[in-house]
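Take a look at the structure below.
The values are calculated or read from the model by the stated rules, or taken from the named source; none is laboratory data. Source: prediction; values computed, not measured. Cβ coordinates were reconstructed from backbone atoms using ideal geometry, including for glycine residues, and neighbour counts include every protein chain displayed. What goes into the accessible areas is simple: the full protein's heavy atoms, side chains included, and nothing from ligands, DNA or RNA. Shrake-Rupley method; radii C 1.70, N 1.55, O 1.52, S 1.80 Å.
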Amino acid sequence: MYCTNDFDQSQDNTLVSKLQAAGITPVYNNGVPTSTSSYTVLLHNMAATHPQAVIELGYPNNDIAFLQALKSSGDHFPMVFTIFPGQLPSLFESNLGGVSSLNGLYTYPAPPLINRSNINYGMSLPQFSSAYQTTIGQPVNFLSVAGYNTALVIQKTLATANSLNQLSLRHAVSKFSGKLRTLDGTFQINSEGAQVGETLPVGRFSVNSSGQLQVNLVTPLQ
Amino acid sequence: MQTFRVEGRLLRILFYAIISGMLFGLFFALMSLGLNLLFGVMRMVNLAHGDFVMVGAFIAYVAYTHGILSPWLGLALVIVILGGLGFVLYFPIGPRLTGSYDPEMLSLILFFGVSQILEALAVMVFGNNPVAVGYHVLTVKPVNLLGQAYQPSWILAAGVSVIVILAVYGYLYHTRLGYATRAIMGDREESESTGINVHRVSAIVFALGLVTAGLAGVLSPLVIGSIYPTMGLGLTITAFAVVIIGSLGNPLGSILGGLIYGISLMLMETYLSTWSTMVPYVLLLLILLLRPTGLLGKGVRRA
């Protein structure tokens, strides 16, 4: 199930074509408006098709509403994937009533849930987490990592460019494209100057013995 | 045998959509009731209606985060806070608006401003992220009805909605104040000439309108999940659709409008989910084209 916006529908198109190429036909593939907040009946309809896995592609509000409905509907599926819990786990924990609600869920984990070690520019995740906590007084989250990563790219661009005119900035970005490895992955642009989205790993949440949420990667971190 | 099994499954899906739609619709009947009352009595178009629902939801959220875990106490809090606020707010606003040359248009503009203020204040206080109120009923096992599982939270919200709607019905049709309210709905000036204290009754109805919106707000985490400061606009549009389907100015029409909206939405989610958010707008257009007075409307509306 996907929300009918560019972000989610394009992922659904890719996913369905890849599944079909692998000989798997989705038993249920429907779009819902992005403003959807009630998923109970949709879940019931999906359950009636007995899927082996449920993949819900939405924005954070959709994922929250979907998981809340899943929790209270009584429907059970062998595997459930949603996008944003891996990026905003604390938001989902507070909305779903604790870490146990996320146990077993598949998602795209992002920093700080995953730690890239082979970086060549900027602070590592542990260094940034410590600096952020000291400066801001709050624990680091994906949005702060993404903001820091943007600043790193701008900093590198300014350091590389000969002048501030548009062409020079563009040449500077092209020069380090594919070579800049930060705590958020490799920065790369295509021939038209658009940033190439990286392939995110898929992870599965579990709760460790001390009651903390952790993620186990089921596809490799690239 | 295979055909029977498929037909049985399709029937079960249809039945589930209808029952869920009724539960969902009853909540929206309550949600739109206040909008209808305010228009019926004072000819006020409350564009901030959904924002008062949001205020009710955040009162419940604040209460919950301060240890008031029961929705019943949240409902009581909203009755006191929004009831008091509505009664006090009426006197500087109501008489001027109802005495103006165009109360519908002026109230529409005024409440648009109120809506913006409430939304901005809520964003400042609570931020933009959705938050949840984790009532215990959300974790209770689903209720089995004719072989299918329904969420207890929806059943509770629908049940409370029915009780509140019946209480408002009882007020309108079985109390002296209710007779006065209906008299004002019929003709404000004639009611005044018969000795009815129009402003006192209007203030009570204004408070009642905000209270019913607030009560729907307290119940909203049970039905629509997370709450957020900008949720008001969408709710206002849906509430308008519901009251116009039933009949603008007729509180009983809210129930019919709510049921039609809820069932239509769930049927759309079942059979044509991509277009489901069009439901309130399509119903609104159909009603305005086919029966502009609403399904329970008897005469020509003045607005």
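Kindly indicate which of B:270, B:274 is hydroxyl-bearing (Ser, Thr, Tyr), in contact with a Ser or Thr (Cβ under 7 Å, 6 or more places away or on another chain) and at the interface with another protein chain (Cβ under 9 Å from one of its Cβ atoms). After ruling out the rest, the residue left standing is B:274. Of the residues making up segment B:117-133, those that are away from chain A (no Cβ under 11 Å) and out of contact with any Pro (no Cβ under 7 Å at 6 or more places or on another chain) are B:117, B:118, B:120, B:121, B:124, B:125. Candidates in segment B:271-303 are the residues that are over 15 Å from residue B:260 (Cα atoms) and of a type in the set (Ser, Thr, Tyr); of these, the one that is modelled with the lowest pLDDT is B:293. Report whether or not residue A:199 is touching a helix residue (DSSP H, G or I) at 6+ places or on another chain (Cβ under 7 Å), surrounded by 11 or more Cβ atoms within 10 Å (Cβ to Cβ) and either more than 16 Å from residue A:122 (Cα to Cα) or modelled with pLDDT of 90 or more (or both). Judged against the criteria, residue A:199 is not a match. Which members of segment B:178-236 meet the condition of being surrounded by fewer than 18 Cβ atoms within 10 Å (Cβ to Cβ) and within 14 Å of chain A (Cβ to nearest Cβ)? Result: B:230, B:233, B:234. Considering segment A:24-43 alone, what residues qualify as being more than 19 Å from residue A:7 (Cα to Cα) and either facing chain B (nearest Cβ under 7 Å) or of a type in the set (Asp, Glu) (or both)? Those that are more than 19 Å from residue A:7 (Cα to Cα) and either facing chain B (nearest Cβ under 7 Å) or of a type in the set (Asp, Glu) (or both): A:38, A:40, A:41, A:42. One residue alone among B:115, B:202, B:153 is within 21 Å of the chain's Cα centre (by Cα), of a type in the set (Gly, Ala, Ser) and farther than 30 Å from residue B:42 by Cβ, and that residue is B:153.
The combined condition, being within 14 Å of chain A (Cβ to nearest Cβ), crowded, with 18+ Cβ neighbours inside 10 Å, closer than 22 Å to residue B:214 by Cβ and of a type outside the set (Phe, Trp, Tyr), is not fulfilled by residue B:172.
All conditions in (1) part of a helix (DSSP H, G or I); (2) more than 14 Å from chain B (Cβ to nearest Cβ); (3) crowded, with 19+ Cβ neighbours inside 10 Å hold for residue A:131, with the sole exception of (3). Just for segment A:68-86: of the residues that are in contact with a strand residue (DSSP E or B) (Cβ under 7 Å, 6 or more places away or on another chain) and aromatic (Phe, Trp, Tyr), which one is farthest from the other protein chains (Cβ to nearest Cβ)? Only one residue fits best here, namely A:81. Residues that are open to solvent by 20 Å² or more (accessible area, probe 1.4 Å), of a type outside the set (A, V, I, L, M) and farther than 17 Å from residue B:161 by Cβ within segment B:53-92 comprise B:61, B:64, B:65, B:66, B:67, B:70, B:84, B:87, B:91, B:92, listed in sequence order.
Among the residues of segment A:188-216, those that are assigned to a loop (DSSP other than H, G, I, E, B) and over 12 Å from the mean Cα position of the chain (by Cα) comprise A:188, A:190, A:191, A:192, A:193, A:194, A:196, A:208, A:209, A:210, A:211, A:212. Scanning segment B:30-46 turns up at least one residue that is open to solvent by 10 Å² or more (accessible area, probe 1.4 Å) and among the aliphatic types (A, V, I, L, M).
Condition check ((1) outside the structural domain of residue A:98 (by TED's automatic domain parsing); (2) part of a helix (DSSP H, G or I); (3) over 30 Å from residue A:98 (Cβ atoms); (4) β-branched (Val, Ile, Thr)) across all residues:
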residue: A:16; (1), (2), (3), (4): no, yes, yes, yes
residue: A:19; (1), (2), (3), (4): no, yes, yes, no
residue: A:46; (1), (2), (3), (4): no, yes, no, no
residue: A:61; (1), (2), (3), (4): no, yes, no, no
residue: A:66; (1), (2), (3), (4): no, yes, no, no
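Flag: residue A:84 does not match the condition of being out of contact with any Cys (no Cβ under 7 Å at 6 or more places or on another chain), closer than 24 Å to residue A:217 by Cα, surrounded by 13 or more Cβ atoms within 10 Å (Cβ to Cβ) and not assigned by TED's automatic domain parsing to the domain that holds residue A:210.
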